[in-house]
Amino acid sequence: MTTEDLSREIILDHYQNPRNRGRLNEPTVANRGHNPLCGDEVELSLLIDDGRVDDIRFSGRGCSISQASASMMTELVKGHTLDEVDSDVKSFTQTMADRKSAPVELESELDALQGVKRYPARVKCALLPWTTLRESIDLYRHREPARDGLDGLVEDCADSP
């Protein structure tokens, strides 16, 4: 079996049998990414505790590449610290931007996505979940402290005629 065949098989497996598909009931942060050029959508929900991704789920629709990439990504980052996730995202993004051809041997399942580099428009499909993850972590890090929901309602009502 060639590396290209193995890559195709890995991508199809993650597409047909996605890992961590679904939504968390009470995520720490949730975010949606969309590629308007092809219609791919991915929604991430993360449970972050003490600077670590305790759980992550994805949902969405799109091509096999975007959905397989989301599945692989969730497997990789679950249990990682936020700094490790930053490193994971940076590494994958750089790998996909690198014009070198796909590896001769696959060292990890993520390497299967490198064959996509032959089709520049499809690279964005593979990157969508990763970009959405980076944005999700940024949202988490820069969010405002939670307020009591009733306080905001009472203030809004008090200003109303």
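The values are calculated or read from the model by the stated rules, or taken from the named source; none is laboratory data. Remember, predicted model here, so these are calculated numbers, not experimental data. Using ideal geometry, Cβ is built from the backbone for each residue, glycine included, and neighbour counts are taken over all protein chains shown.
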query = Do you know which of the residues in segment 74-88 that are not in a helix (DSSP H, G or I) and not hydroxyl-bearing (Ser, Thr, Tyr) is nearest to Arg57 (Cα to Cα)?
reply = Lys78
ask   = Out of Asn20, Asn31, Asn35, Asn25, which single residue is of a type outside the set (D, E, K, R) and in contact with a Phe, Trp or Tyr (Cβ under 8 Å, 6 or more places away or on another chain)?
value = Asn20
ask   = Which ones in segment 89-104 are surrounded by 12 or more Cβ atoms within 10 Å (Cβ to Cβ) and more than 25 Å from Pro36 (Cα to Cα)?
value = Ala102, Pro103
Segment 27-42 residues that are touching a residue at least 40 places away in the same chain (Cβ under 8 Å), paired with ones that are aromatic (Phe, Trp, Tyr) and part of a strand (DSSP E or B) (beta carbon under 9 Å, 6 or more apart) = Val42/Phe58
First in segment 58-75 and on the phi < 0 side of the Ramachandran plot, second anywhere and of a type in the set (Gly, Ala, Ser), Cβ under 6 Å, 6 or more apart = Phe58/Ala70; Ile65/Ala126; Ser69/Ala126
task = Go through segment 47-73 residue by residue and tally those that are farther than 22 Å from Glu109 by Cα and part of a strand (DSSP E or B).
result = 4
Residues that are surrounded by fewer than 18 Cβ atoms within 10 Å (Cβ to Cβ) and either in contact (Cβ under 8 Å) with a residue 40 or more places away in the chain or among the small types (Gly, Ala, Ser) (or both), drawn from segment 44-53 = Gly51
ask   = Going by the conditions given, is Ser101 free of Cβ contacts under 8 Å to residues at least 24 places away in the same chain and more than 14 Å from the chain's Cα centre (by Cα)?
value = yes
inquiry  = Restricting to segment 54-70, and then to whatever is surrounded by 23 or more Cβ atoms within 10 Å (Cβ to Cβ) and in contact with a Lys or Arg (Cβ under 8 Å, 6 or more places away or on another chain), can you tell me which residue is nearest to Ile11 (Cα to Cα)?
reply    = Ile65
task = Give the residue that is surrounded by the fewest Cβ atoms within 10 Å (Cβ to Cβ), with candidates limited to residues of segment 6-31 that are basic (Lys, Arg) and in a loop (DSSP other than H, G, I, E, B).
result = Arg23
query = List pairs: first in segment 1-22 and over 22 Å from Lys117 (Cβ atoms), second at pLDDT below 95, Cβ under 6 Å, 6+ apart or cross-chain?
reply = none
